Amino acid sequence: MRFQYSEKKVSLPENVHKYAEKKIMKLERFFGDDADALVTFSVEKNRNQAEITVHAANTYFRASESTSDMFASIDAAVATIERQIRKNKTRLARRLRQDAFTRTPEVTSFAPDEPEEGAFEIVRQKNFHMLPMTRDEAILQMNLLEHTFFAFRDEDKDGAFAVVYKRTDGGYGLLEDAD
């Protein structure tokens with residue numbers, strides 16, 4: 001597992017990074033060696049926040065926890081990711097058997113700083129490679145990322161672009177091309 005650290009509004013000693021690495025390495029049994037972990041530390045209003053994002057072969061797991069102690073925040077974030085994995089164990093195992101965990105490159109870029117006058121301002125742009133997946137797999141990925149929507153290529157519609165989203169009534173919605 002490869003690690004990357006980011007610190008916002010805080011400068012932490014190396015032992016905090018080592019502690020986070022030791023705790024996150026316990027998750028390696030789920031991902032293997034070919035996984036990336038991004039750990040972001042921040043402090044706001046005397047709350048220590050640890051956000052952990054693990055990317056393993058086209059699946060993202062994210063957890064963010066905030067406590068009065070950075071070590072406790074790390075422990076809670078790792079426990080949250082482990083809970084996500086256990087909760088979705090059978091679905092993730094099915095994806096593994098279907099070879100959906102193939103690694104693909106990801107590109108992130110940002111829009112220019114100054115938009116034209118009178119134009120809509122795009123403040124962030126993400127480009128990513130979308131693999132075909134089932135609607136259930138897309139909902140699973142959306143839930144693992146704790147997002148309210150997820151864009152994907154629908155296997156059931158020969159790779160057509162589609163979006164699943166979380167409805168306010170607790171259900172899920174699907175946006176797809178009418179053709």
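The values are calculated or read from the model by the stated rules, or taken from the named source; none is laboratory data. Nothing here was measured: the structure is a model prediction, and the numbers come from that model. So basically every Cβ, Gly included, is an ideal-geometry build from the backbone, and we count neighbours across all protein chains shown. Please note that ligands, DNA and RNA were not included when accessible areas were found on the heavy atoms of the full protein model with its side chains. Shrake-Rupley method; radii C 1.70, N 1.55, O 1.52, S 1.80 Å.
If you check D177, D169, D113 for being over 27 Å from A77 (Cα atoms), at pLDDT 90 or above, out of contact with any Lys or Arg (no Cβ under 7 Å at 6 or more places or on another chain) and exposed (fewer than 10 other Cβ atoms within 10 Å of the Cβ), only one passes: D169. When I85, I81, I139 are screened for being among the β-branched types (V, I, T) and modelled with pLDDT of 90 or more, only I139 passes.
Looking across the range 122-148 at every residue that is surrounded by fewer than 14 Cβ atoms within 10 Å (Cβ to Cβ) and among the hydrophobic types (A, V, I, L, M, F, W, C), the one that is nearest to E82 (Cα to Cα) is identified as F128.
Candidates in the range 18-51 are the residues that are under 14 Å from A77 (Cβ atoms), in contact with a strand residue (DSSP E or B) (Cβ under 8 Å, 6 or more places away or on another chain) and outside any strand (DSSP E or B); of these, the one that is modelled with the lowest pLDDT is L27. Selection within the range 151-166: residues that are acidic (D, E) and open to solvent by 30 Å² or more (accessible area, probe 1.4 Å). The member of this set that is farthest from R135 (Cα to Cα) is D158.
Looking only at residues in the range 33-63 that are open to solvent by 50 Å² or more (accessible area, probe 1.4 Å) and free of Cβ contacts under 8 Å to residues at least 24 places away in the same chain, the one that is farthest from K23 (Cα to Cα) is K45.
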